[in-house]
Structure formats: structure tokens, C-alpha cells
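**Q** My structure is below; once you've seen it, I'll send some questions.
The values are calculated or read from the model by the stated rules, or taken from the named source; none is laboratory data. The structure presented is a predicted model; accordingly, all values stated were derived computationally and were not measured. Note: ideal-geometry Cβ built from the backbone for every residue, glycine included; neighbour counts use all protein chains shown.
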Amino acid sequence: MERIRVIFQRELAGYFATPIAAVFIVIFLLLSGAFTFYLGNYFARGQADLVPFFDFHPWLYLVLIPALAMRLWAEERRSGTIELLLTLPVTMWEAVAGKFLAAWCFTGIALALTFPMWLTVNLLGDPDNGVILASYLGSLLMAGGFLAIGSCISALTKNQVIAFVVSVVISLGFILSGFPLVLEFFNGWAPQFLLSAISSFSFLTHFQSISKGVLDLRDILFFLSLIAFWLFATATVIELKKAET
Amino acid sequence: METMVDIKNLRKTFGSIVAVDDVSFTVGKGEVLGFLGPNGAGKSTTMKMITGFLTPTSGTVHICGHNIEDQPIEAKKRIGYLPEGAPAYQDMTPASFLTFIGEMRGYRGGTLKRTVSETVEKVNLQSVLNQSIETLSKGFKRRVGLAQAILHDPDILILDEPTDGLDPNQKHEVRTLIRAMAQEKAIILSTHILEEVHALCSRAMIIAKGKVVSDGTPAELEGKSPAHNTVLVTIAGVDASVSHQQLMTVKGVKKIEEMGRDGDLVQFRIYPDDGQWILPDIGHCVREQGWEVRELYHDRGQLDEVFRLLTTPKQTIS
């Protein structure tokens, strides 16, 4: 546990030592603001909630999170530091978790910096802050899901561009898995149970049900087990691909 | 001698390629083992298995009695490793990087600070402590890599090409550093530079195509050279065939090779029977004949010649 903390701190400090932190946070705040006010018609709706704000989160994450995740392991492999890291007295699990948690915490910081949204809506009206809190939690969980996917893809290649593009496509699949675009692809040849399994993987469905303010344990467990699965996959991929430089 | 690294029947295959093939050896405290071999011979792969980065296809690695696969943490605590090219987190400074390594090695608070500053002093990093690593020169980067390897004063040091790409001064510094630690530790280092084996190693091991083809002291290796204990002599103003004949009569001379002529100068390489010591007899003969000698010296044999012989296929030592 102690070593997870050490890796976590190094990674998190790494984001802030490079322009990555500033660029990511500024773009995230700008885009989430722009989407909310222009595309989401925040004022015109005349409702005291943050629905238009949170509605765009899956789409924002779709582009921004793979950009953040693509360097997680690809960079370690490209620069050779993976050899350094994994020959320190540390388990694979600790390394994977430490790096993931740092990236997740970083997105958490970016998300927390959207607090002026929350202030605004509280100044303008009387929103249900419980729903807003639940939405923030759902958004954070969903970001974790995207990050875990990105972490695994990043372990597959040392080319960060490939890691980015593949992560975006897989993340898109998870966003839309409850939608015709994805389901039509399986329809006709895949058995029914598979179809319903696929549609139950939809990030959108789970996120939306959390952001309605209904904190269903199943939705939370969905994201947590998804994260666990992809991190397990990350560790497996690293183990298998270690020999390649 | 206390055995620190014990390697048995180590083997690693990548698909159909055999990178390391049945390698066994032990390294004891106070030993500096030099890994020699052409590129792709399996030196780095062997090191990666010893340090626990790669899992062997078969065979075992014991580090101070700990199996690297069964007790990786215990084993890794005892190893300091400098991977090829001395990788480091480029956006960190040497200070923050070494602090990170120290924390990973379990140091905290005052002990951490003290350990880091002691290590920094050992490798002379004081002047660049707060510059980001990517802006440092190759020599400094290598020193940062060495620093992280020796920070926890490990029993075993594994150094993959520690002096590769350094200028002669930097090479000298790194070698001095390694030599200073040699007594206390078991050191394995790989190198292409054969002079380094002389300068540093108490034992040299040549690896070719994943196999150990030679293992002995640098002197023993030189003994395998065809030129081992030959005598080179350059004589002026004497007819080559006459001097050739005369030299053949010296006791213990097996054969004489004419190396070249330059004006009235002629150079011979004189091979002894069974590698015996013939220099005094040759000297005696030359003096007796009253020849004008420009050069007369003894050749211990060239390591790179042995290296070539052992690592190039379809050639045997004549």
C-alpha cells in the first residue's frame, strides 16, 4: 500500500511538472462550460439543475481521457523506465494501481474545478444538491472507467497515437453499447443474452441513472468492477509484452 | 566466498528464437563479472531475468538465497540495477527522482534525505541536482542512473553497459566508482569494451548466441589467444631469411611469422611451443648475433582476438 502511495505521488506530481495539467484542465473547463451554455441551453431551459452540464461529460471524456491515459504505460515503455519501475521492489498490481489512481485523482481535480458551475446554479435558483453530488460521483466513476480502458490500451503499444485512437474507439463502444449503432452490429447473429449483456455495458445508461440522483449500488458496482477488470487486463498485457522493447 | 547470485540452467525463448540457452553461473561477494558478447548475444536478456524484469522460460535465479520468481520483493530489495541506456523519468530532477527511488526502497524522512545526499555526493551530481533530467548531458544522465542503482547500498549490482557512450574522462569516473564498490558487493556488468574487462573485472564471461562460450579471469581469456606469449621483434639491417633461420634455432620456438618489412627493417612474430616463456631466450639470441634491434616485446594476447574467435561461427582456434 505504501508503495502505491509513492508511485501515486510521483505520477500526480508528473502531471503538474509538465504542461499536461494546465492544458488538460483549461480545455476541460472551457469545453464543459461551452457545451453547457451553448449546446445545452443552460439559461434558456430556466431550470435550476446541472443536467446540461453533466450530459456532455461522456462526450468530453471520450476525447480527453484517452489523451490523458495514452501516456500511462506507452511512455514508460518508450523511455525504458518500465524496466526501472518493475525491477524496484514493487508488485505489478501496485504499479498499475498507483499509476491509475494518480490519473484518476487528476481527473477528479479537473472535475472539482468545475465548482463555479455549482455555485452559479445555487445563486440562480434552488437546485437539488443531492442530485448534483450524485452526478459528480457518477461522472468521476465514469471517468475512472474510461481511464482504466485507456490504461490497458496504453500498455499494448508504445505508440501514443495508436493508444489514443484505439482507446477512443473502444470508449465510444462502451458509451454507445446500449444504442442501435452498436446493437445493430450484433443483431441477427448474436444470441439474445449477449445482446442484453452488451446493452447493459452502456456507460450512458449507468451514468444517467446515477445522475438522476438514484445511487443504485448496481451502477456503482458496474463502474468499479469495470475498472477492476480493465486494470487486471492492464497488468496482464504488461506482463505479456514486457519482453518487447 | 559467499555466493550472492546463483543462476541455474537459465533459458529464455521468444517464440522460436532462443535468446538465452542453458546459462548457469554463480557470482560471489567481491567478484566483478564482466559479460562480453556481440550485440544480441543474450547479455541484456540474462540481466533482465536476474533482476526479475523478465520471467525465464525455464531455470532459476537465486538472489542471496531468494528465488526471484517466488520471492520477487525480497530479491529485488538486494539488487541495484542500471538498465541499458540508463532510463529515468525525464521530466523529474535528479533530486526528485532519487527521492522517489529512495521512497520506493523504503527510506523515509531524515534517513531518506541523508541517503539521497550521500549518493549524490558519491556520483558527483551536486551541480545539476535541480535541473530536469532531460536537459542533462549523457554523462550526467548515466550518473543519475548509477545513483539510483547504488542508492540503497545493494549487495548486488547489475549494470548493463555502464560506460556506453561516455567520453574517456567519464568512463574513467564510472570505472573508479565501480572499482571502489567492488570489495563489498557482487557486481555483474556487461560491456563491449574489452579494455574495460582488464580495468574492472575479476572474471570475464563471453556469451554468444545465448550460450556461455568462455568463463575465466581476463588473463585466462588472453591465454586462449593464438598470439598469447608470442614475442615481437623488429630487426634492422639483417637479411630476413638469415635472421629467420637463426631465430628458429632458439629453444622453445615453434614457428616464426614475418609481419612486414620497411626498408631494411623486418618484423617477426615468434610463436612459442605450448605457450612457454621465450622472451629471455630470444633476447639472448638477438644480443649474441649483435643485431640492431628496434623493438622487442612480449604479447600477452589480445582479448578482442579471443572475442572474435569465440563469437564468430565456423572458426576454431588454430
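**Q** Only residues that are more than 28 Å from the chain's Cα centre (by Cα) and in a loop (DSSP other than H, G, I, E, B): list them for region B:68-95, please.
**A** Once the filter is applied, which keeps residues that are more than 28 Å from the chain's Cα centre (by Cα) and in a loop (DSSP other than H, G, I, E, B), region B:68-95 yields B:Asp70, B:Gln71, B:Gln90, B:Asp91, B:Met92, B:Thr93.
**Q** Please determine, by comparing only the residues of region A:62-73 that are away from chain B (no Cβ under 14 Å) and part of a helix (DSSP H, G or I), which one is surrounded by the fewest Cβ atoms within 10 Å (Cβ to Cβ).
**A** Checked region A:62-73; the qualifying residue surrounded by the fewest Cβ atoms within 10 Å (Cβ to Cβ) is A:Val63.
**Q** Working only within region A:163-207, note down all residues that are among the hydrophobic types (A, V, I, L, M, F, W, C) and within 16 Å of A:Leu68 (Cβ to Cβ).
**A** A:Ala163, A:Phe164, A:Val165, A:Val166, A:Val168, A:Ile170, listed by residue number.
**Q** Among B:Val32, B:Val20, which is away from every other protein chain (no Cβ under 13 Å) and either under 16 Å from the mean Cα position of the chain (by Cα) or crowded, with 21+ Cβ neighbours inside 10 Å (or both)?
**A** Just a single option satisfies the conditions, and that option is B:Val32.
**Q** If B:Gln183 meets every condition in (1) away from every other protein chain (no Cβ under 14 Å); (2) assigned to a helix (DSSP H, G or I) apart from one, which number is that one?
**A** All conditions pass for B:Gln183, except number (2).
**Q** Could you tell me whether any residue of region A:45-61 is more than 14 Å from chain B (Cβ to nearest Cβ), in contact with a Lys or Arg (Cβ under 9 Å, 6 or more places away or on another chain) and part of a helix (DSSP H, G or I)?
**A** yes
**Q** Can you go through B:Leu98, B:Leu112 and tell me which one is within 14 Å of A:Leu85 (Cα to Cα) and either in the same structural domain as B:Leu151 (by TED's automatic domain parsing) or assigned to a helix (DSSP H, G or I) (or both)?
**A** Answer to the selection: B:Leu98.
**Q** If you don't mind, another one. Which of the following residues is touching a residue at least 12 places away in the same chain (Cβ under 8 Å), aromatic (Phe, Trp, Tyr) and crowded, with 16+ Cβ neighbours inside 10 Å: B:Trp291, B:Trp277?
**A** B:Trp291
**Q** Regarding region A:83-98, can at least one residue be identified that is touching a residue at least 12 places away in the same chain (Cβ under 8 Å), more than 14 Å from chain B (Cβ to nearest Cβ) and farther than 17 Å from A:Ala233 by Cα?
**A** no
**Q** Let me ask something else. So, in region B:220-254, how many residues would count as being closer than 21 Å to B:Arg308 by Cβ and without any contact (Cβ under 8 Å) to a residue 40 or more places away in the chain?
**A** 1
**Q** Taking the residues in region B:121-180 that are of a type in the set (Ser, Thr, Tyr) and part of a helix (DSSP H, G or I) as candidates, determine which candidate is farthest from the other protein chains (Cβ to nearest Cβ).
**A** Top of the filtered list is B:Thr176.
**Q** Sort through B:Glu74, B:Glu118, B:Glu84 and tell me the only one that's without any contact (Cβ under 8 Å) to a residue 12 or more places away in the chain and within 14 Å of another protein chain (Cβ to nearest Cβ).
**A** B:Glu74
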